Amino acid sequence: MNHVEESYDVLIVGAGHAGCEAALAAARLGLETIVFTVSVDSIALMPCNPNIGGSSKGHLVREVDALGGEMGKNIDKTFLQSKMLNVSKGPAVHSLRAQADKQAYTREMRRTLENTDHLTIRQGEISEIIVEQGCLTGAKTVSGAVYHVKSMVIATGTYLKARCIYGDVSNETGPNGLQSAKHLTESLKQHGIELRRFKTGTPARVDRRSLDFSKMEIQEGDERIVPFSFSTDPESVQKEQVPCWLTYTNEETHRIIRENIDRSPLFSGAIEGTGPRYCPSIEDKVVKFADKERHHVFVEPEGLYTNEMYLSGMSSSLPEDVQYAMYRTVPGLEHVKIVRNAYAIEYDCIDARQLKPTLEFKKIRGLFAAGQFNGSSGYEEAAAQGIIAGINAARHAQGLEGIVIDRSQGYIGVLIDDLVTKESHEPYRMMTSRAEYRLLLRQDNADLRLSAIGHEIGLVSDEAYQKTVRKEQLINSEISRLKSVMVGASADVQNFLMQHGSAPLKTAASLEELIRRPELDYDAIAPLDPARSTKQQETNSSGTDGCFMPPEAVEQINIHIKYEGYIERQKRQVEQFQKLEKKKLPENIDYAGISGLRIEAKQKLALYRPISIGQASRISGVSPADISVLLVYLETRSAGRKQ
């Protein structure tokens, strides 16, 4: 019997948010790439919440964009509403969030993949990996076709041995009733990869015509829309936005849930997988937060050309009749008609501690993993891992060393480092609190932080990179100028300060010192700045002489000046962090033979094989005393080599 047999450089399993970024990265780097999906119609599918970004997730999207990824560009083309979150707080936690048109998002990403050179899309299911002497050499499909490749990325999302459940109903399908991937699990296990079961869930989709919006609070988008991608012209995204709505559960809702809790597969034991702590089902919330009188329910449109609405905050796996009963107690949902039932989905994934920080499996060279397959949750976390896995799969195929974004460089670094070094018993979700250096890792400066890496890799064009370089030069030169321009304590100046509720000057001060005041900023002090007149702002848009600044540069100037002390302190912390990251640990190190290490530390270090002292210090069970022993060992080893 004859079977198809082909050769590619890189093979991607799955075309969700991780798979798309991985495939695009590898193909754009010139590698012949093939991406497999169980359904071509599910490319970049949003099976759950119809939005991109949000708290901390907006940071990830911006970082993916700065490295040369696609998610930010795609949502800029297909959003329905955009909003900057946490604006009442400091800039470190500002996060952009956009409501997506689901069908348009999928369609646009598919169009991008279909028109990318070196990229082949194939509908089919990968059933086996082929490994020779510890190195990935290819894969087989269920039809028996063989694909010889140099590297591969597994990005199966929630499809691997997936099971959708609500009440007593259990279907062995992927999200939205799509085909699950049933065969790859056994092959992975045969090659020593350990898998586990996680679960996530989604709320019901309901018919817009059955809702009463007069009983809900309208949620409008921002008046001035900020794009996700640094390459998107801000004027191109200023458009009429679609509103979202807010309502709440109540004690009657909670009573119905409590009375039927034994019918929930979450509590009856029908679901084995562990669910996400930070995105719990409504029944989880009612049980765990029994003192809460109500919970938010955001009613969000799924797209411009559909009446389906998404009930964010009411994820559930309760039976169909209970879903109807509880939803109809919510104001505005009294006569709701369900289009798609809420359900939980259970799936196979890995403990990502089996991976190197490059997202390559420690046991199998050339095999990489990304997205929810790694035990994370969320489209944005998936895309962030996808671009790194795609880059490193391409570099492996080229015989190049993989890249690692560390914790001081980006949220992507925090995400991957947490996944590969820390034990996680539930789907991992990114949060701003996880980033130690979050004042440096803001979403607004992702291009300044990471586009140099994207350019060096080959995903950011010379033109785009030079634009970022010019922006940075512009910011730095303007800050220097503001430090040098002095303002005297004249009557006009004192009157100006009084009008802005600012304390009068006792002696001359620089413009930079005035911007540091909470009630003043770069734009506010323009009347005191002789170099900035209305005429110059109108005529000089080049930004070359410090008289005119584009909004994104003004934002950086204000943040840098107002938070300078805190920023400098974090930079010093990063210097200490990087000293430990630069102290590399040999791959072949025999931890059992190092005297002074505690038994638990020897076991954990041998299991994880950390690449640096820094990574070793973040492993649970490795104490500061153990790190001191390792540092002495490295110095002794180095001294021995020199002799």
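The values are calculated or read from the model by the stated rules, or taken from the named source; none is laboratory data. The structure presented is a predicted model; accordingly, all values stated were derived computationally and were not measured. Neighbour counts are summed over all protein chains in view; Cβ atoms, including those assigned to glycine, are modelled from backbone coordinates with ideal geometry. Each accessible area value is taken on the protein alone, full model and side chains, heavy atoms only, with ligands, DNA and RNA left out. Shrake-Rupley method; radii C 1.70, N 1.55, O 1.52, S 1.80 Å.
Step through the table entries Lys471/Lys584; Lys102/Lys182; Lys102/Lys292; Lys89/Lys562; Lys471/Lys579, compare each Cα-Cα distance with 23 Å, and write down the pairs that go over it. Those over the limit are Lys471/Lys584; Lys102/Lys182; Lys102/Lys292; Lys471/Lys579. Scalar couplings 3J(HN,Hα) for segment 193-199, obtained by applying the Karplus form with A = 6.51, B = -1.76, C = 1.60 to θ = phi - 60°, are 8, 8, 10, 9, 10, 10, 9 Hz; x denotes Gly and Pro. Across the accessible surface of the chain, with the other protein chains kept in place and a 1.4 Å probe, carbon and sulfur atoms take up 49 percent. I'd like the distance between the alpha-carbon centres of segment 489-534 and segment 402-470, rounded to an integer number of Å. The two parts, judged by their Cα centres, are 36 Å apart. In summary, the lysines within cross-link reach of Lys506, defined as a Cα separation below 20 angstrom excluding same-chain residues under 8 places away, comprise Lys483.
Dividing the C-alpha radius of gyration of segment 427-537 by 2.2 N^0.38 Å, with N its residue count, gives 1.46. When only Cα pairs below 8 angstrom with a gap of at least 6 residues are kept, segment 259-390 shows a relative contact order of 17 percent.
Overall, segment 1-115 carries a charge dipole of about 780 debye about its Cα centre when +1 sits on the Cβ of Lys and Arg and -1 on the Cβ of Asp and Glu, all other atoms neutral. Computed about the Cα centre, the dipole magnitude for segment 281-342 is approximately 80 debye when only Lys and Arg (+1) and Asp and Glu (-1) carry charge, each at its Cβ.
For Phe577, the solvent-accessible surface with a 1.4 Å probe is about 20 Å², rounded to the nearest 10. Over the chain, Cα pairs under 8 Å with separation of 6+ residues give a relative contact order of 16 percent.
For segment 1-149, the spread of Cα positions along the three principal axes, ordered from largest to smallest, is 65, 31, 25 Å. For segment 374-427, the Kirkwood estimate of the hydrodynamic radius, built from every pair of different alpha carbons, is 11.9 Å. Within the shell defined by Cβ-Cβ distances under 12 Å, the residues around Asn476 carry a net charge of +2, with Lys and Arg each +1 and Asp and Glu each -1.
Summarising the strand pairing of the chain, around 70 percent of its internal DSSP beta bridges are antiparallel.
Taken about its Cα centre, segment 306-372 carries a charge dipole of about 480 debye when Lys and Arg each add +1 at the Cβ and Asp and Glu each add -1 at the Cβ.
Entry note: the chain has Rg to Rh equal to 1.00, where both radii use alpha-carbon atoms and Rh is the Kirkwood radius. Simple rule: put +1 on each Lys or Arg Cβ and -1 on each Asp or Glu Cβ in segment 43-183, find the dipole, and look at Asn171, Leu119, Gly144; the Cα lying farthest toward the positive end is Asn171. Normalising by residue count, segment 49-111 has a Cα convex hull of 72 Å³ per residue.
Can you check what the net charge comes to around Ser612, using other residues whose Cβ is under 12 Å from the Cβ of Ser612 (Lys, Arg +1; Asp, Glu -1)?
Surrounding charge for Ser612 is +4.
Give me the mean projected area, in nm² to one decimal, of the convex hull enclosing the Cα positions of segment 141-197. That works out to 5.2 nm², a quarter of the Cα hull's surface. For segment 370-527, averaging the sequence separation of C-alpha pairs within contact (under 8 Å, six or more residues apart) and dividing by the residue count gives a relative contact order of 14 percent. Counting only the Cα atoms, segment 229-358 fills a convex hull of 186 Å³ per residue.
Over the chain, with the other protein chains present, what is the accessible area per residue in square angstrom, probe 1.4 angstrom?
Result: 43 Å² of accessible area for each residue.
Under 14 Å from the Cα of Lys215, which aspartates and glutamates turn up, not counting those fewer than eight places away in the same chain? Here the aspartates and glutamates satisfying the reach criterion relative to Lys215 are Glu334.
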